[in-house]
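Undergrad: Quick one: the structure is below, questions incoming.
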Amino acid sequence: MCALWGKDKSDEAKRVAMLTDVLADIRDQRAKIKLVFEEGVTSIQNVAASLIDFNSVKLVAEVSSLKGASSKWIGAHVSCFFRVRDREFRNREHFLTFDTSVMGVEQNASGFVRMELTFPKSIRNAQQRRGVRVNVDSNKVPEFLLWDLSGSEQDPRKVDPNLTSEQYKAHAFKVDNFSAGGIRLLVANNLLRAALPEATKGTHYHIFFQAAEDPGDTPTKFWVEAALRNIFHDPETGETSLGMEFVAEGIPGAEDTLTWRPLRFDEVTGLGKFVFKWNLDLYRDKGLGG
């Protein structure tokens, strides 16, 4: 799994700033962190901590569920799991994890154990849903539009889409599968020639779609930018498969604005839970559920 915004690993200052943003969210939202120690450190399974302070070198976490501290913990590896609300999409959460190690421990006057932990090198998705690909039908993705605005600064909402909602509902193209980090479309060859004649690897598209966990639910709206990674023409079916990677997401704002930002944690914010639910539904429908 890629590190947080990991495609620019050479820029150390940017990496630290982005990690700091997430740590600030943990602290400010008072999110609980579940600490999982390496084997042999402690027999306690559920150690919950609060992030009290941090800088670019260390984190300070306070634990109320431990009765005492031990110096044998120093140097121990710890995996940390937590949930935070997204800053722009307040109704969406990220479930994330990072690895660290114990730099120091002490018990303060209130009886709480305080730990100093090393600053993490990366923060990752905890559920690894980006790699889960699932087939969905149109009743779970009731609307889908695509614009070819490669190299353009235009707002896609102000121009006609190349692939329309009417074509989608008429099954001239369809969503073959979804993940939190990408999509594969199947487009009729005649429509591809007419609507996307310049489709080549590396082309970027803007996409709007709606997603519902179950048919009939009020759908959630998503704006994404996707890069075309794979093209396969199938002469037997008369369709072309377009494999796309999501690279940015659009954030609606005041005065009908749409701001684009690179993906955080390598997936479109809030999309992972839909993919996860659709995947569970698929297994239940096939009788493969646990």
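Undergrad: Pick out the one residue from ALA109, ALA69, ALA76 that is in contact with an Asp or Glu (Cβ under 8 Å, 6 or more places away or on another chain) and at pLDDT below 80. Working first, answer last.
TA: Numbers: ALA109 fails: in contact with an Asp or Glu (Cβ under 8 Å, 6 or more places away or on another chain); ALA76 fails: at pLDDT below 80.
Just a single option satisfies the conditions, and that option is ALA69.
Undergrad: Being surrounded by 17 or more Cβ atoms within 10 Å (Cβ to Cβ) and within 25 Å of ALA13 (Cα to Cα) is the filter here, so list the residues in segment 66-98 that pass it.
TA: Residues satisfying the conditions are VAL78, CYS80, PHE82, VAL84, HIS94, LEU96, THR97, PHE98.
Undergrad: Let me ask you something else. How many residues are of a type in the set (Ser, Thr, Tyr) and modelled with pLDDT under 90 if we restrict to segment 153-195?
TA: Number of matching residues: 1.
Undergrad: Return the residues of segment 54-65 that are loosely packed, with under 15 Cβ neighbours inside 10 Å and over 23 Å from ARG124 (Cβ atoms); say none if nothing qualifies.
TA: Of everything in segment 54-65, those that are loosely packed, with under 15 Cβ neighbours inside 10 Å and over 23 Å from ARG124 (Cβ atoms) turn out to be SER64, SER65.
For (1) part of a loop (DSSP other than H, G, I, E, B); (2) farther than 24 Å from LYS169 by Cβ, each residue gets a yes or a no:
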residue	(1), (2)
ARG184	no, no
LEU191	no, no
ALA194	no, no
ALA199	yes, no
PHE208	no, no
ASP217	yes, no
ILE251	no, yes
ARG261	no, yes
TRP278	no, no
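Undergrad: Among the candidates LEU192, LEU196, LEU185, single out the residue that is aliphatic (A, V, I, L, M), surrounded by 12 or more Cβ atoms within 10 Å (Cβ to Cβ), closer than 17 Å to THR240 by Cα and under 24 Å from the mean Cα position of the chain (by Cα).
TA: Numbers: LEU192 fails: under 24 Å from the mean Cα position of the chain (by Cα); LEU196 fails: under 24 Å from the mean Cα position of the chain (by Cα).
Result of the check over LEU192, LEU196, LEU185: LEU185.
Undergrad: Which number in (1) farther than 30 Å from VAL60 by Cβ; (2) modelled with pLDDT of 90 or more; (3) not in a loop (DSSP other than H, G, I, E, B) marks the one condition that LEU117 misses?
TA: Result: LEU117 fails condition (1) only.
Undergrad: Now for a separate question. Answer yes or no: is there a residue in segment 137-148 that is modelled with pLDDT under 90 and among the hydrophobic types (A, V, I, L, M, F, W, C).
TA: Within segment 137-148, not a single residue is modelled with pLDDT under 90 and among the hydrophobic types (A, V, I, L, M, F, W, C).
The values are calculated or read from the model by the stated rules, or taken from the named source; none is laboratory data. Given the structure is predicted, the values throughout are model-derived calculations rather than measurements. A quick note on method: Cβ atoms are made from the backbone with ideal geometry, for glycine too, and the neighbour counts reach across all protein chains shown.
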